[in-house]
Structure formats: structure tokens, C-alpha cells
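I have placed the structure first, in the form of C-alpha cells, so that the comments after it can refer back to it.
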Amino acid sequence: MKKYISIIFLGALIWACGDSDKGSNSNSSKKQSVAAKAPDGKKIFKRNCVVCHGIYGDMAINGAKDLNLSVLTLEERVEIITNGKKVMTPFKGVLSEKQIAAVAQYTIDAFNKKE
Ligand code: HEC
């Protein structure tokens, strides 16, 4: 008898867990769609750009320019990030227009400090 009770209890537990998983899944997909509306330039940079530009923008691997010294406007940066330049790979199709704009703005905000 004890065995049956624990089996029923286990079944209820699994059912309850399955149900709460569904709940958290729909929550996290909601969060993702909010994040997609306002792309985080810093995150995008960390994920896509540090391999060549480094976390401080000055690593200059493979002939990448030191972003701290860049004098390009936001539009020019968007253009280079979208279509690439020499060794730099184009991000068209990899990042959305909004993500490219956000990461371009990030390179200005984070690295382009003129003293
Ligand atoms: C494969 C290596 C590589 C990756 C990855 C890369 N870059 Fe570049 N980047 C370069 C190189 C090389 C140049 C210099 C191109 C040239 O003018 O010869 C450059 C140039 C630039 C410039 C222009 C700087 C200037 O003043 O001329 C910007 C802005 C820039 N990258 C931003 C980014 C951003 C933002 C990302 C991520 C979305 C990124 N790069 C990813 C290699 C890379």
C-alpha cells in the first residue's frame, strides 16, 4: 500500500513539475521578445566583435582598427558593420538592422571617448 501511495505522489509531482515548466517557458519567451525590441549593444559586441576588436575595442587583431581611435560617424559604422571591410566580416543577415545600430552606437559610447 505504501508503495502505491508513493507512486501516486511521484506521478503528481511529475505532473506538477511539467506544468510549472510550461509556465516558465512562456515567461522566458516573453522576456526574449522584449529584449529583441531593444537590442543590448554591449551583449552583441561581446558575442560578435571581441574576437577581433577585444573587450576594450583596442585589441586590433587581424588588422582590426582600434575602435577608441575611430572617427567614424554612426552611419559609417553601421555601413562597415553591415557590409564588412577587408578582414572584417559583414554582419548583414547575422544581426538585424536594429542590432547593428545598437552595437554601432555601443562602439561610440564605450570606446570613442575623446579627452
Ligand atoms: C574578423 C574580425 C572582425 C570582427 C569579428 C569584427 N571586426 Fe570590425 N574591423 C575588423 C577589421 C580588420 C577592421 C578594419 C577594416 C579596414 O578599414 O581595413 C574593422 C573595422 C571596424 C570599424 C571601423 C573602424 C574605423 O575607424 O575604421 C568598426 C566601427 C568596427 N570594425 C566595428 C565592429 C563591430 C561592431 C563588430 C561586431 C558586430 C566587428 N567590428 C567585428 C575586424 C573585425
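The values are calculated or read from the model by the stated rules, or taken from the named source; none is laboratory data. Computed from a prediction, not measured in an experiment: that's the story for all the values here. Surface accessibility is based on the protein's heavy atoms, side chains included, excluding ligands, DNA and RNA. Shrake-Rupley method; radii C 1.70, N 1.55, O 1.52, S 1.80 Å.
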> Can you give the accessible area per residue of the range 38-115, in Å², using a 1.4 Å probe?
Replying inline: 67 Å²
> Going down the table (LYS42/LYS86; LYS65/LYS98; LYS43/LYS98), which pairs top 21 Å between alpha carbons?
Replying inline: LYS42/LYS86; LYS65/LYS98
> Which order do SER96, SER70 take by accessible area at a 1.4 Å probe, largest first?
Replying inline: SER96, SER70
